[in-house]
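Worksheet: one structure, shown below.
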Amino acid sequence: MCAAKAITGNLFERRTVSVLPPLPLAGPYDYVVPEGLDIQPGDFVEIPLGRQTQRGVVWGDARGDVDPAKLREIYGVLPAAPMPAVTRRFIDWVSAYTLSPQGAVLRMAMSVTDALEAPKPVFRFGLAHGMAESQGNMRMTPARKRILSLLADHPSLEQGDILQETGTSASVLKGLVDAGVIRREQVAPPSPFALPDLSIPRPDLSLDQEKAADFLCEKVDAGGFSAILIDGVTGSGKTEVYFEAVRAALAQGKQVMVLLPEIALSAQWLQRFRDRFGVEPALWHSEVGQARRRETWRAVADGSARLVVGARSALFLPYRDLGLIVVDEEHEHAFKQEDGVIYHARDMAVARGHLGGFPVMLASATPSLETLANVEAGRYERVVLGQRHGVAVLPSVEIVDIRVDKPERQRWITPTLKQRLMETFAAGEQAMLFLNRRGYAPLTLCRACGHRFQCPNCTAWLVEHRAWGKLQCHHCGYSAKIPDACPACGAEEKLAPCGPGVERLYEEAIQTFPDLKIEVATSDNIAGPKAAAALVGRVHNQEVDLLIGTQILAKGYHFPMLTLVGVIDADLGLAGGDLRAAERSYQLLTQVAGRAGRGERPGTVLLQTADPSNRVIKAIAAGDRDAFDQVELAERMKYGMPPHGKLAALIVSGKKENEVDEAAWRIGRVAPRGDGIVVLGPAPAPLSLLRGRFRRRFLLRTDKSVKVQAVIQDWLSRVKTPGSVRVQIDIDPYSFM
Ligand code: ADP
Ligand code: ZN
């Protein structure tokens, strides 16, 4: 009895901590710290979990919810810099905001598991002191001589360099080390990232640009959190201006992160970046290879990577001392992650700046209404660049009414656009046709029986890709060969493409302009940085007269000789009818239009539309963004929609339709009620079948003052759903599909 008590007493004296494993459903668990092990919060450790060994991060004090006698011991600490406190607080914050388990968020911060292993040791070789004596009783060969004389000129060298310079083998070098003539020492591996060069002079800024740059630099110098919108028309030099803020933060010895929506396609931007800072930034996106990711992760953690340029996931890197975030094209929906932890990188960036106590800068020519509302409310500041840099002026926008100015049957280029294209080419200039549809035709049907080709896994039509001879689903990737006969009625040669995709537009263009160099650019053929850089080169060298493409051409590119942009179907994005259809369409078309006339020659944009009185089309033609924003904000206000109210979505999905319906019905029965809370649904999602899963949606709309997360937590705590049904929570949804 007494002995047992003594043991329990001892157990209580053991130190316990909580450890968070990077697992999708996990929170932190308590562990015992083995005697003699020095453990700090943030340490990466190995722990037993179930029957496996897991890695995790020491999260803080023990939670104390499990009897200490039942706790297991931490195995050991991994050789990596501890995760900084601010990163851990950020993970907690994102978890609480998005209602995702902490482990799911941590997983994004630990995506490179082997980064936690000690890097391969690096050795350097140099002449040993007092080598004269040892050399005396050593047989000298020509190879040995060559090594010794090389090292007489260098304090130390790596093995590879020595062998290459002297044409000797590793065994010769080893012989010299064994003989004590040469010393071998382990050194810290060099960082793969050079320090930025801060002595490169900045370009001459215009007065407006200088004012903006000064303002931004003051923010950086003052330190502390701030959020600033850099609001400037396309081509006004937003990038040049925020480069000055980047420089200011680097001059303080801080790390800087720039988030880009489509980093794989940002070759031109990256070149400007290299020119300005004289070094390669650390890139972070899905196409970076495993070995490079590992180096980068460690270099960000030890602070030697000072400039990080990345996609949204770069937010979760373990920065040692982050001092500035820039979110370029802040309005882009690509910043919203729709799988796993559903979050908006722009909003998380602002939260990260808040926690870290540094400025966050959001740049756009067409800021999101959310950001504009934050400016209006005084939460964000704003600098404005109203003019294009240099002699370039904004393009003039003209509307082409396709009901009057009709293209030929099964054609999409109107006579007016064709005329303008001819004039452009005659002047030796370049043009671009914009159509946001990959493939040949968005729908294929049988003219005999009306059969339409649909994806077996999704509520979506199959898109014809004639170049590949395939019908493809753009949601799940399903693809099938284009059949010779209709699978429904067996009729042959009756399958007809409906509507245009870029491939079909290309067909029309080469028939219309047989002598021109025409190129198509979509995510199908311009998939990575290499392809994008090559395309940019061809356009610059005038190896392309006419560029046909989707939204991948809308952003960032600067082609001085491109003076005409034709938007084939300006109504396309307006059809969807979701909350942000008008806003998104306005942003996309403005960006596309912004490609025209960026050099010395002025640009023109033709918008082909069947609805010239639509307010989006009218606002773009009038170049009146403020008017558009005001009307759009008023419209949102009327329905209590963001940015005036809050939205959250629940997506209930599963493989069995009846189970999904049953679960959705149960969830609906206990839906929250109260002042300022409205729940719509359950309703079949527009994509009611996606990748083989049936989907039902709820939309929760609340007043701004309501704590949406608490409402949802309480809601879902009152209902049990089977394990086969998944309930995803999307706070501030951008997709309503
Ligand atoms: P934005 O990001 O606002 O679209 P950019 O920063 O890309 O504008 O600038 C548009 C073009 O003008 C780029 O080619 C850029 O190099 C050039 N530019 C902008 N400001 C200057 C400047 N002060 N000096 C020289 N070139 C500039
Ligand atoms: Zn599909």
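Every number here is computed from the coordinates shown, using simple stated rules; none is lab data. No experiment lies behind these values; they were computed from the predicted model shown. FYI the Cβ positions are ideal-geometry reconstructions off the backbone, even for glycines, and counts take in every protein chain you see.
Tabulated values for the structure
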item	result
Fewest-first ranking of I263, I399, using other Cβ atoms within 10 Å as the exposure measure	I399, I263
Extension gain (nm, one decimal) between R538 and E46, 0.36 nm per residue minus Cα-Cα	172.0 nm
Taking the convex hull of Cα positions in segment 517-589, its mean projected area over all directions (nm²)	5.5 nm²
Convex hull of segment 90-187 built on C-alpha atoms - directionally averaged projected area, nm²	9.2 nm²
Projected label distance in nm at M140 and A575, using a 7 Å step from Cα toward the beta-carbon	8.5 nm
Kirkwood-based shape ratio for segment 472-604, expressed as Rg/Rh from alpha carbons	1.02
Additional length obtainable on full extension of the chain from R452 to D197, 0.36 nm per residue less Cα span	85.9 nm
Computed label-point distance, nm, for sites K638 and Q252 using a 7 Å Cα→Cβ extension	4.5 nm
Test item: Cα-centred dipole of segment 169-301, Lys/Arg +1 and Asp/Glu -1 on Cβ, debye	700 debye
Ranked by how many other beta carbons lie within 10 Å on average, peptides 564-570, 297-303, 583-589, 388-394 from highest	564-570, 583-589, 297-303, 388-394
Dimensionless Rg over Rh [segment 579-709; C-alpha; Kirkwood]	1.13
Beta bridges per DSSP with both ends in the chain, % antiparallel, nearest 5	55 percent
Karplus-derived 3J(HN,Hα), 6.51/-1.76/1.60, for each residue of segment 720-725, Hz, glycine and proline x	10, 10, x, x, 7, 10
Theoretical ellipticity at 222 nm over the chain - DSSP helices of four or more residues, -39500 (n - 2.57) apiece, nearest 500	-10000 deg cm²/dmol
Options A480, G469, I510, ranked by Cα towards positive dipole end of segment 463-522, top entry (Cβ charges)	A480
Dipole in debye (nearest 20) - the chain, about Cα centre, beta carbon charges: Lys, Arg +1; Asp, Glu -1	1740 debye
Nearest-0.05 FRET efficiency for V631 and A610, computed from C-beta distance (R0 30 Å)	0.90
Burial ranking of peptide ranges 457-465, 204-212 (average Cβ count within 10 Å, highest at the top)	457-465, 204-212
Charge dipole magnitude, Cβ of K and R +1, D and E -1 - segment 32-151, Cα centre, debye nearest 20	860 debye
Stokes-Einstein D for segment 545-619, Kirkwood Rh over Cα pairs, 25 °C, 0.890 mPa s (µm²/s)	190 µm²/s
Of A85, L553, V711, farthest towards positive along the dipole that unit charges on Lys, Arg, Asp, Glu beta carbons give the chain	V711
Bins of 20 Å, starting at 0 and running to the largest distance - Cα pair percent for the chain	14, 40, 32, 11, 2, 0
Separation between Cα centres of segment 552-581 and segment 33-76, rounded to whole Å	53 Å
Signed unit charges on C-beta, dipole axis of segment 567-656, positive-most listed residue I651, A610, G594	I651
Long-range amide H partners of Y343 with built H, under 5 Å	Q337
Globularity ratio of segment 48-142, using Cα Rg and 2.2 N^0.38 Å	1.93
Taking only Cα atoms of segment 308-358, radius of gyration then Dmax in Å	10.8, 29
Order of V58, V719 under a 10 Å beta carbon neighbour criterion, fewest first	V719, V58
Radius 10 Å from Cβ of L647, net charge of other residues (Lys, Arg +1; Asp, Glu -1)	0
15 Å reach of a label modelled at S149, 7 Å along Cα-to-Cβ, counting backbone N of segment 168-202	168
Gain upon complete extension [A118, I510; 0.36 nm per residue less C-alpha separation]	135.4 nm
Mean Cβ count within 10 Å, highest first, over the residues of peptides 509-516, 359-366, 305-312	359-366, 305-312, 509-516
Order of S717, S156 under a 10 Å beta carbon neighbour criterion, fewest first	S717, S156
Centre separation in Å (Cα based) which lies between segment 283-326 and segment 691-728	33 Å
Between segment 646-674 and segment 182-218, the Cα center-to-center distance that results, in Å	51 Å
